[in-house]
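One structure is given below, encoded as structure tokens.
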Amino acid sequence: MLTRSRLVALLIVAIAALALSPPGRSAVMAALLLPHFFPGSVPRPLRFLTPTPSVETIDVPGAPGRMVADVYRPAGTGLHPAMVLLLGVNPLPRDHEQVTTLAEGIARSGIVAVVAESDALLAGEIRTEEVDNLVALFQYLERQPTVDPQRIGFAGFCIGGVLELLAASDPRIADRVAYVNAFSVYADALDVLRAVLTRSMPTPAGRTSWMPSDLTREVFLDQAIGSLTSQRDGALLRRELVEGTSLTGQEIESLSPVGAQLRDLLLAKDIERVDTLIAALPDEVTASLRRLSPALVVPRLRATTFLMHDLNDTYLPVSGARQLAALLPPAATPRYTEFRLFAHVVPGGIDDPLLFVGEMVKLLGHIQAVMQAAQAGRHSS
């Protein structure tokens with residue numbers, strides 16, 4: 001008959017045996033890392049089982065727009081994988097407890113965690129120069145003596161994930177990026193604008209209701225308005241459509257033809273009219289949104305690619321993530337996981353215990369797969 005002490009001993013032996021194999025080790029580390037995704041006073045065993053990482057703040061050399069990064073290095077010697085984390089527009093600051101807890105956990109699991117922060121994203125602006133910033137950061141990490149250049153990848157959230165997909169597809173580094181995990185993303189920025197304006201998203205059964213967050217509406221309207229060459233047109237449309245102040249008849253009549261076209265679009269609500277007005281816009285107006293569309297560049301992806309999205313996300317519609325998953329090339333060995341666990345990218349808030357357990361199992365499996373890809377790197381390709 002097994003005593004409790006023998007049962008505990010057998011359990012310890014079983015866990016130790018599991019941890020000896022690479023898949024088993026990644027499963028154990030993923031399970032230990034999981035609590036670091038949750039805010040609040042959650043027990044985090046990694047803090048008791050692993051030494052404290054070192055943290056260094058750098059200005060990313062060669063970045064055309066100012067980008068800083070906190071680099072969390074695992075204790076000990078040898079080469080480590082690296083993971084670049086980039087949050088979205090108006091993100092939590094990189095010193096926020098929720099951010100530092102996640103980065104610390106990743107470093108404790110043996111991966112150099114790099115929390116990148118851009119002045120433009122902090123100010124609520126999405127600039128294509130962020131791709132150049134991320135390429136510069138990737139190249140910086142390749143030169144670091146404690147980083148294995150074959151095992152560097154990206155893990156981005158919302159617009160941060162979109163920008164990292166664009167960077168991972170960039171010809172300067174596309175053949176060297178090991179993996180990408182993008183959480184809450186889209187395929188086509190114009191499709192997001194369509195969803196914002198019509199408050200709906202496409203599904204196999206037809207369009208269904210979708211209510212965008214205030215931040216998403218503001219960001220995508222502002223991005224479209226920012227494409228105008230007339231600063232006066234831009235100021236008027238921002239005042240009316242972003243700030244909610246009505247224009248006078250004289251101000252409306254003073255808009256340039258292109259400004260008037262864009263105003264008609266951004267006030268439209270019917271999908272057919274929205275499509276007609278988008279098609280009528282000059283290419284230079286839609287170009288800024290097209291440049292932020294991963295669908296155009298993912299054929300160049302060679303990194304192992306993971307996508308995550310929550311079914312009830314109000315920041316970006318799940319339809320965009322589904323479309324992007326379908327477009328990923330076989331060379332990216334894609335994996336896409338949908339959840340009902342998150343409020344955008346923050347886990348929790350489920351009252352049903354069975355649903356919570358099921359979602360946690362999905363999350364654990366996804367994290368384990370990402371960690372395996374990070375550990376394997378380009379050596380396996």
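The values are calculated or read from the model by the stated rules, or taken from the named source; none is laboratory data. What you are looking at is a predicted structure, and each value in this text was computed from that prediction instead of being measured. Here the Cβ positions follow ideal geometry from the backbone for every residue, glycine too, while neighbour counts run over all protein chains shown.
I need the full set of residues from the stretch 160-189 which are farther than 15 Å from residue 303 by Cα and either of a type outside the set (Val, Ile, Thr) or touching a Lys or Arg at 6+ places or on another chain (Cβ under 9 Å) (or both), in order please.
Within the stretch 160-189, 160, 183, 184, 186, 187, 188, 189 qualify.
Identify the single condition in (1) of a type in the set (A, V, I, L, M, F, W, C); (2) in a helix (DSSP H, G or I); (3) over 16 Å from the mean Cα position of the chain (by Cα) that residue 350 does not satisfy, given that it satisfies every other one.
Failed condition: (2).
Go through the stretch 173-222 and give me each residue that's in a loop (DSSP other than H, G, I, E, B) and of a type in the set (Phe, Trp, Tyr).
Correct list: 186, 210.
All but one of (1) modelled with pLDDT of 90 or more; (2) within 25 Å of residue 375 (Cα to Cα) hold for residue 67; state the number of the condition that does not hold.
Here residue 67 clears every test but (2).
Quick one: residue 237 ticks every box in (1) modelled with pLDDT under 95; (2) of a type in the set (A, V, I, L, M); (3) buried (at least 19 other Cβ atoms within 10 Å of the Cβ) except a single one, so which number is it?
Result: residue 237 passes all but (1).
Mind counting the residues in the stretch 345-368 that are at positive phi and in contact (Cβ under 8 Å) with a residue 24 or more places away in the chain?
1
Among the candidates 92, 85, which residue alone is under 21 Å from the mean Cα position of the chain (by Cα), assigned by TED's automatic domain parsing to the domain that holds residue 348 and free of Cβ contacts under 8 Å to residues at least 12 places away in the same chain?
92
Listed residues 276, 314, 305, 245; which is in the same structural domain as residue 350 (by TED's automatic domain parsing) and surrounded by fewer than 17 Cβ atoms within 10 Å (Cβ to Cβ)?
Result of the check over 276, 314, 305, 245: 314.
Across the stretch 133-165, what is the number of residues that are under 19 Å from residue 318 (Cα atoms) and of a type in the set (A, V, I, L, M)?
Total satisfying the criteria: 5.
Can you find a residue that is modelled with pLDDT under 95, crowded, with 16+ Cβ neighbours inside 10 Å and of a type in the set (S, T, N, Q) anywhere in the stretch 189-201?
no
So residue 260 fits all but one of (1) small (Gly, Ala, Ser); (2) touching a strand residue (DSSP E or B) at 6+ places or on another chain (Cβ under 8 Å); (3) surrounded by fewer than 20 Cβ atoms within 10 Å (Cβ to Cβ); what number is the exception?
(2)
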